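In what follows, a single structure is set out as structure tokens and then discussed.
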Protein chains: 2
Amino acid sequence: MLHIQVPSLTLPDRKKRVTIKDVAYAAGVSTQTVSRVMNNFSYVSNETRKRVEAVVEEMGYRPSTLARSLIQQRSYTLGVVTFGLKYIGPSQTLNGVADAADELGYMLLMKEIDAFDLSNIDNIIGSLLSRQVDGVLWVAPEIGDSHAWLDKSLEKVSVPFVFIAMEPREGIMSVVTDNYQGGVLATQHLLDCGRKKIGHISGPLTWWEAEERKRGWRATMENAGLEAPEHHCKEGNWSSASGEQAFNQLIEAFPDMDAVFAGNDQMALSVLREAHRRGIQVPEQLAVIGFDNIPESAFFYPSLSTISQNLQLLGKTAVQTVVEMIQTRQENQILELQSKFIPPSLIVRESTSPTRSP
Amino acid sequence: MLHIQVPSLTLPDRKKRVTIKDVAYAAGVSTQTVSRVMNNFSYVSNETRKRVEAVVEEMGYRPSTLARSLIQQRSYTLGVVTFGLKYIGPSQTLNGVADAADELGYMLLMKEIDAFDLSNIDNIIGSLLSRQVDGVLWVAPEIGDSHAWLDKSLEKVSVPFVFIAMEPREGIMSVVTDNYQGGVLATQHLLDCGRKKIGHISGPLTWWEAEERKRGWRATMENAGLEAPEHHCKEGNWSSASGEQAFNQLIEAFPDMDAVFAGNDQMALSVLREAHRRGIQVPEQLAVIGFDNIPESAFFYPSLSTISQNLQLLGKTAVQTVVEMIQTRQENQILELQSKFIPPSLIVRESTSPTRSP
DNA sequence: TGCTATTATGTTATCGATAACATGTTATCG
DNA sequence: CGATAACATGTTATCGATAACATAATAGCA
């Protein structure tokens, strides 16, 4: 790493924070009155209010949210546990979360987990709780028994908890894309294009979402009186590299396949590439559809049909849900815990376009 | 949105937090002693320590970081201001930030900004400061005069501040990818492949990073005694759609162009696609190189040569830097403020491969 | 053996704000 | 006109922890 020297300034004077006391003193009132002005509380005379406001403005006073959180037992902060931020999906969800949180006046305290080190989950949640978060969003996929800790640990958590992309469970609030429905949409679209020999490249089947998409594929095939045997499906790991491998295996096992439903767009990209390499025309000989609608997919060659999941809406809904839970609890009421499904939608592009058939 | 009903549990009992007092009382010691045990302070007898630890374990006590932050004037929390989370670049950076923060024992308080509403910046920073963050990371690109507020506002900020992807400035700490060097690497590579008529599709030139990449292109061309006139460069807006348009204009204005350096991989993707559409062979007739090394780029057809910027390292370095600043200040010392450059690297794939020439 | 250093623990003040309560003043009304 | 309500403001307690200071018991040493 090279360093380029830039002339440096000196240490900024570490002036201390302006506190409510400073303001009170300067305005010649009690701290309580300042507090009342800051919180727009009634029972402050106009004259006093103006005087205090002027001092606040002049001194650049901002109440310490920290101190306020302590006394009010409420921080207006949500804990967010994320996984796989370096991928586009989770970060889009986070984007939705951040937006909604902002709108509703909450900040986000983030914690990323990089693997499912189950033993550490208590610590992660603990570190959020010790900072008084009002609620927690779990923005991490469900993989294998990654959510096994729920049974032991969740009951100890004393704040509202909302899961994103988790298999609905009794008594737990979750917000999820309807992946099954997505699988149905994709497969039905291929059927509607006149294809009958439809293969599937799934994500890792330890992922609940991958399993659901596959389930949608199979159910739709069977509903149409067609076959969906195991050897018409290969498992990838979401990466383009795995998609390449899976497709090559699939085409060997299923040579007269006329359509592929890939579990995500990255793997679909590899299908397009390998098909091209093998001289298979897309969509004429092979229709291809992906899942996720990543921004690039519209510019693949040919452009990729796909299932769009509205991750930003997902994130937004999760925030709204957790905030609702917080308020409900504040009022000591009981909220029904039900999972919310966000429906995905079909996006038709060249890779399945019937108009491009010969 | 469809809702699926799941049987609901009742309201979890809103048990209140276990405080240090509860522990002290249960263990028959003063709160101070509990505090000493929790902080591994010396001067606690073994016997007492064990007793307290047992009670802590049994009651599930966790100190309130909030209360601790208040008295210690130190929160072990960093403020992070992000922009464009829904894109892959910023979120990779954030990934690096999150990793490093975790390692160093800091949490992240996030605030996303969606537009450069300059008037709101004071508020954003204020909301972070009012939560006692120990430092702030500004993870947002510099666009036009988006950083003009620095002059007015930064001086009022009393905590260390580190900028990512900002033009180095006097007296301000920033960590940046050396975009100029990236432009040089890309262009030089094309020259090394024997190309001489090299066009450029830049990002929006209001972005400092786009400007730097372009500057690298031009300087390298001129260094090699070649031309880099204005009409050999078109401006895009980073999107694939804009890349398509820019390439089509560029090829009109510069018909005998034999290589393109695109400002990012999304735009490069469109170049590949449009070249294909026009029957231009890549790389034989036209070599193409991108910037960013998005995961998909290795699977484009042909696979895309590109410049990789190590965004995770960028984020990590920024965190290390801000933490260093925090510590330095704690000790009342002065730290030299210098910008740090993260060097990008060249990744050669098929789209510029000399071995694929006819 | 008496004095200081070390160890062990407790008490009180403090961080910056709001809650709860108290007090005084001005309207309102029968 | 006196009682009560509404307004205006101040005082003290509190949130959950640690800092700073105080005290007591033990140990080491001249």
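Within chain A, what's the longest run with no GluC sites (Glu not before Pro) in a DSSP loop and at most 10 other beta-carbon atoms within 10 Å? Give the range, please.
The longest uninterrupted stretch comes out as A:1-169.
Projecting 7 Å from Cα along the Cα-to-Cβ direction, the label point of A:His231 sits 6.2 nm from its equivalents in the other copies, listed shortest first. Measuring from label point to label point, each 7 Å out along Cα→Cβ, what is the A:Glu57 to B:Asp192 span in nm? Between A:Glu57 and B:Asp192, the simple spin-label model gives 6.1 nm. In a reduced charge model with +1 at each Lys and Arg Cβ and -1 at each Asp and Glu Cβ, chain A shows a dipole moment near 1340 debye about its Cα centre. Springs between Cα atoms under 10 Å define the GNM used for chain B, and in it the highest mean-square fluctuation of B:Pro229, B:Pro343, B:Pro283 occurs at B:Pro229.
Give me the inter-chain shielding for B:77-87: mean count of other chain Cβ atoms within 10 Å, whole number please.
On the way: counts 3, 0, 1, 2, 0, 4, 0, 2, 11, 12, 5.
Partner-chain Cβ atoms within 10 Å, mean over residues of B:77-87: 4.
The spacing between segment B:258-294 and segment B:29-106, judged by their C-alpha centroids, is 49 Å.
The other copies place their B:Ser30 label points at 3.1 nm from this one, listed shortest first, where each point is 7 Å from Cα along Cα→Cβ.
Label-point spacing at A:Glu170 relative to the other copies reads 7.0 nm, in ascending order, each point sitting 7 Å out from Cα along Cα→Cβ. Compare A:Val288, A:Val80, A:Val44 in a GNM of chain A, Cα atoms joined below 10 Å, and give the one with the largest fluctuation. Per the Cα network of chain A with a 10 Å cutoff, A:Val44 tops the list. Comparing A:Leu66, A:Leu94, A:Leu205 in a Gaussian network model of chain A, where Cα atoms under 10 Å apart are tied by springs, the biggest mean-square fluctuation is seen for A:Leu66. In segment A:225-358, Cα pairs under 8 Å separated by at least six residues give a relative contact order of 22 percent.
Simple point charges give the picture: +1 on the Cβ of Lys and Arg, -1 on the Cβ of Asp and Glu, and for the protein assembly as shown a dipole about the Cα centre of about 1900 debye. Taken residue by residue and averaged, Cβ atoms of other chains lying within 10 Å of the Cβ of A:285-298 number 2.
The distance linking segment B:155-233 with segment A:150-182 is 46 Å (Cα centroid to Cα centroid, whole angstrom).
The residue list B:Asn310, B:Phe254, B:Ser45 was ranked by how far each Cα lies along the charge dipole of chain B toward its positive end, using unit charges on Cβ atoms, and B:Ser45 comes out on top.
Closest approach of a chain B beta carbon to the axis mapping chain B onto chain A (residue, whole Å): B:Ser91, 2.
Within a 10 angstrom radius of each residue's Cβ in B:328-337, how many Cβ atoms of other chains show up on average? Whole number is fine. Walk me through the numbers on the way to the answer.
On the way: counts 1, 3, 1, 0, 2, 1, 4, 3, 5, 6.
The mean count of partner-chain Cβ atoms within 10 Å per residue comes to 3.
Using only side-chain charges placed at the Cβ, +1 for Lys and Arg and -1 for Asp and Glu, the dipole size of segment B:190-304 relative to its Cα centre rounds to 160 debye.
Shown here for segment B:27-88: trypsin sites (Lys or Arg not before Pro) in loop regions (DSSP other than H, G, I, E, B) with at most 14 other Cβ atoms within 10 Å, namely B:Arg74.
Selection among A:Trp138, A:Leu128, A:Leu118 by position relative to the dipole of segment A:114-160 gives A:Leu128 as farthest towards the positive end (Cβ unit charges, Cα centre). When the chymotrypsin sites (Phe, Trp or Tyr not before Pro) in segment B:58-87 are filtered for DSSP coil states and for at most 11 other beta-carbon atoms within 10 Å of their beta-carbon, no site remains.
Provide the FRET efficiency to the nearest 0.05 for the A:Glu170-B:Thr19 pair, computing r from the beta carbons and using R0 = 30 Å. Given R0 = 30 Å and the Cβ-Cβ separation, E is 0.40. Considering only alpha-carbon pairs that sit under 8 angstrom and 6 or more positions apart, the relative contact order computed for chain B is 16 percent. Listed by chain and number, the lysines placed with their C-alpha closer than 16 angstrom to that of A:Lys234 are A:Lys197, A:Lys214; residues fewer than eight positions away on the same chain are left out.
Segment B:Ser30..B:Asp151, full-extension length gain: 38.6 nm, with 0.36 nm per residue of separation and the alpha-carbon distance subtracted.
Each reported figure results from applying straightforward, stated rules to the coordinates on display, with no laboratory input. Please read all numbers here as calculations on a predicted model, not as lab measurements. Cβ sites come from the backbone with ideal geometry, for glycine too, and all protein chains shown count toward neighbours.
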